[in-house]
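**Q** Sharing a structure here in structure tokens format.
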């Protein structure tokens with residue numbers, strides 16, 4: 001991917017929803033020596049942490065020469081056209097799953113779609129979902145639902161101290177899933193692609209600030225105000 005691309009940093013809403021548990025009462029006095037009072041304060045981990053917003057940006061033209069075949073790419077249904085391609089917004093239901101201070105799964109659900117048009121024929125790719133456990137990316141391609149369109153390398157996902165998640169691995173396109181589009185659009189584009197084509201794609205998203213606790217990041221948290 002081009003090293004000249006600049007990200008627009010998405011500001012994280014940094015309010016930590018922290019639950020204090022396990023505050024023990026002083027031990028009762030008895031005939032035997034009493035144990036000293038203790039107060040153990042623990043932050044309850046959350047396996048499922050909501051992703052609150054963000055974008056997946058996809059640039060098909062960087063890897064597939066659509067212009068040469070007369071195929072036009074457009075953003076539809078709430079997606080946005082950007083200099084780097086088409087951006088799909090993160091939708092409700094997106095989450096990160098953590099365990100033992102590591103990201104082990106989750107789903108990024110995206111709204112909006114990408115419309116491919118050749119002459120009078122067109123098809124829309126929508127309902128995109130990214131599985132943060134396996135990296136598999138699925139979508140509705142025309143009338144076909146839940147089609148595997150490729151994979152992203154989820155081993156590269158990161159979360160910073162502002163609870164901002166970045167996945168910048170690109171999308172390895174499953175070309176076989178798109179070959180039938182040649183017939184639908186009346187072109188000869190996807191049949192000529194290599195088995196694995198790396199498409200320029202990345203996700204930047206805001207995660208609920210509880211992710212900082214779940215991942216054990218070294219941040220100070222004020223229960224009333226959020227992140228210090």
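**Q** Would you confirm whether any residue within the range 46-63 is over 23 Å from the mean Cα position of the chain (by Cα), crowded, with 16+ Cβ neighbours inside 10 Å, more than 25 Å from residue 213 (Cβ to Cβ) and at pLDDT 75 or above?
**A** Scanning the range 46-63 turns up no residue that is over 23 Å from the mean Cα position of the chain (by Cα), crowded, with 16+ Cβ neighbours inside 10 Å, more than 25 Å from residue 213 (Cβ to Cβ) and at pLDDT 75 or above.
**Q** Among the residues of the range 174-192, how many are under 18 Å from residue 114 (Cβ atoms) and either part of a helix (DSSP H, G or I) or over 26 Å from the mean Cα position of the chain (by Cα) (or both)?
**A** Our first condition is that a residue be under 18 Å from residue 114 (Cβ atoms); within the range 174-192, this holds for 174-175, 177-182, 184-185, 187, 189-190.
Going one step further and asking which of them are either part of a helix (DSSP H, G or I) or over 26 Å from the mean Cα position of the chain (by Cα) (or both), we end up with 175, 177-182, 184-185, 187, 189-190.
Qualifying residue count for the region: 12.
**Q** Also, I was wondering about something else. When you look at residue 151, is it over 18 Å from the mean Cα position of the chain (by Cα), farther than 22 Å from residue 208 by Cβ and touching a residue at least 12 places away in the same chain (Cβ under 8 Å), yes or no? Full working, then the answer.
**A** Working: over 18 Å from the mean Cα position of the chain (by Cα): no; farther than 22 Å from residue 208 by Cβ: yes; touching a residue at least 12 places away in the same chain (Cβ under 8 Å): yes.
So residue 151 fails the test.
**Q** Here's a follow-up. Since residue 40 meets every condition but one in (1) surrounded by 15 or more Cβ atoms within 10 Å (Cβ to Cβ); (2) modelled with pLDDT under 95, which condition does it not meet?
**A** Every listed condition holds for residue 40 apart from (1).
**Q** Does the range 149-170 hold any residues that are in a strand (DSSP E or B) and at pLDDT 95 or above, and which are they?
**A** Start the filter on the range 149-170 by keeping residues that are in a strand (DSSP E or B), which leaves 149-151, 158-159, 164-167.
Once the filter is applied, which keeps residues that are in a strand (DSSP E or B) and at pLDDT 95 or above, the range 149-170 yields 151, 158, 159, 164, 165, 166, 167.
**Q** Need the failing condition index for residue 128 against (1) touching a residue at least 40 places away in the same chain (Cβ under 8 Å); (2) more than 18 Å from residue 55 (Cα to Cα); (3) in a strand (DSSP E or B); (4) out of contact with any helix residue (DSSP H, G or I) (no Cβ under 9 Å at 6 or more places or on another chain), just the number.
**A** That leaves (2) as the condition not met.
**Q** For the range 132-148, which positions are assigned to a loop (DSSP other than H, G, I, E, B) and at pLDDT 95 or above? Don't jump to the end; show me each part of the working.
**A** Of all residues in the range 132-148, those assigned to a loop (DSSP other than H, G, I, E, B) come to 132-135, 142-143.
Listed by number, the residues that qualify are 132, 133, 134, 135.
**Q** Show me the strands (runs of 3 or more DSSP E) found entirely inside the range 53-125 where at least 2 residues are under 20 Å from residue 179 (Cβ atoms) and touching a residue at least 24 places away in the same chain (Cβ under 8 Å). Let's see the steps before the verdict.
**A** Details: elements: 72-76, 80-82, 85-90, 95-99, 102-111, 113-118.
Once the strands (runs of 3 or more DSSP E) in the range 53-125 are filtered for at least 2 residues that are under 20 Å from residue 179 (Cβ atoms) and touching a residue at least 24 places away in the same chain (Cβ under 8 Å), what remains is 72-76, 113-118.
**Q** Return a yes/no flag: does the range 109-116 have any residue that is more than 13 Å from residue 51 (Cα to Cα) and out of contact with any strand residue (DSSP E or B) (no Cβ under 8 Å at 6 or more places or on another chain).
**A** At the first step, the residues of the range 109-116 found to be more than 13 Å from residue 51 (Cα to Cα) are 111-116.
Those left that are additionally out of contact with any strand residue (DSSP E or B) (no Cβ under 8 Å at 6 or more places or on another chain): none.
Looking for residues that are more than 13 Å from residue 51 (Cα to Cα) and out of contact with any strand residue (DSSP E or B) (no Cβ under 8 Å at 6 or more places or on another chain), one finds none in the range 109-116, hence no.
The values are calculated or read from the model by the stated rules, or taken from the named source; none is laboratory data. In this text the structure is predicted, and so the values were computed from the model without any measurement. Glycine also receives a Cβ, built like all others from the backbone with ideal geometry; neighbour counts cover every protein chain displayed.
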